[in-house]
Amino acid sequence: VYGLGVSSESSGELFKKYSDETLKSLKEAIDMEQGSQDKTEYFHARDNAVSALAKVMKNQHEVINIEETFAFLLQQIPLKHDLTEARLVNDFVADAALNQPSLVLGKEFENAKEFVILLGEI
């Protein structure tokens, strides 16, 4: 999934052709149940999938349903296992909160309580 996030950074308009399949694949990776792999390995892989989703949102926001995807992202954080990826995702969410508060907090601030709780966890 790392490559999906990276491809969103460098593929420009070409990404639009693959955006639906990319989002679907990332959401499936995030929702995947832990199999026989080590617990640490599983959670690091999941954190990487969430980070890849944040990269897609940051770099290709004009070709995806950003409101729906952001709501999904907020349900997946905070990341607690891969601290490098956690920092990237936290920075992305903080930038979004500053630049597009209605995206993070909701049009009527209906997500404000959950966002404050999230900030406390980060």
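A few points about this structure:
- In region 7-52, the trypsin sites (Lys or Arg not before Pro) that fall in loop regions by DSSP, at most 10 other Cβ within 10 Å: none
- Carbon + sulfur, % of accessible area of the chain - ligands and nucleic acids excluded, 1.4 Å: 52 percent
- Label-reachable residues, region 41-65, where backbone N falls under 12 Å from a point 7 Å from K16's Cα toward its Cβ: 62-64
- Computed with a 1.4 Å probe over protein heavy atoms only, the accessible surface of region 53-110 comes to 57 Å² per residue.
- For E9, the shell of other residues with beta-carbons less than 9 Å away shows a net charge of +2, using +1 for Lys and Arg and -1 for Asp and Glu.
- Of all segments of the chain bounded by GluC sites (Glu not before Pro) found in a DSSP loop with no more than 14 other C-beta atoms within 10 Å, the longest spans 34-107.
- The accessible-area ordering, largest first, of the residues S10, S19 stands as S10, S19, per a 1.4 angstrom probe.
- Our coupling estimate for region 3-9, obtained by passing each phi through the Karplus curve with A = 6.51, B = -1.76, C = 1.60 and θ = phi - 60°, is x, 5, x, 5, 5, 5, 6 Hz, Gly and Pro reported as x.
The values are calculated or read from the model by the stated rules, or taken from the named source; none is laboratory data. Note that the structure is predicted; figures quoted are calculated from it, not measured. Note that we place each Cβ from the backbone using ideal geometry, even for glycine, and neighbour counts take in every protein chain shown. Note: areas computed on protein heavy atoms with side chains; ligands, DNA, RNA excluded. Shrake-Rupley method; radii C 1.70, N 1.55, O 1.52, S 1.80 Å.
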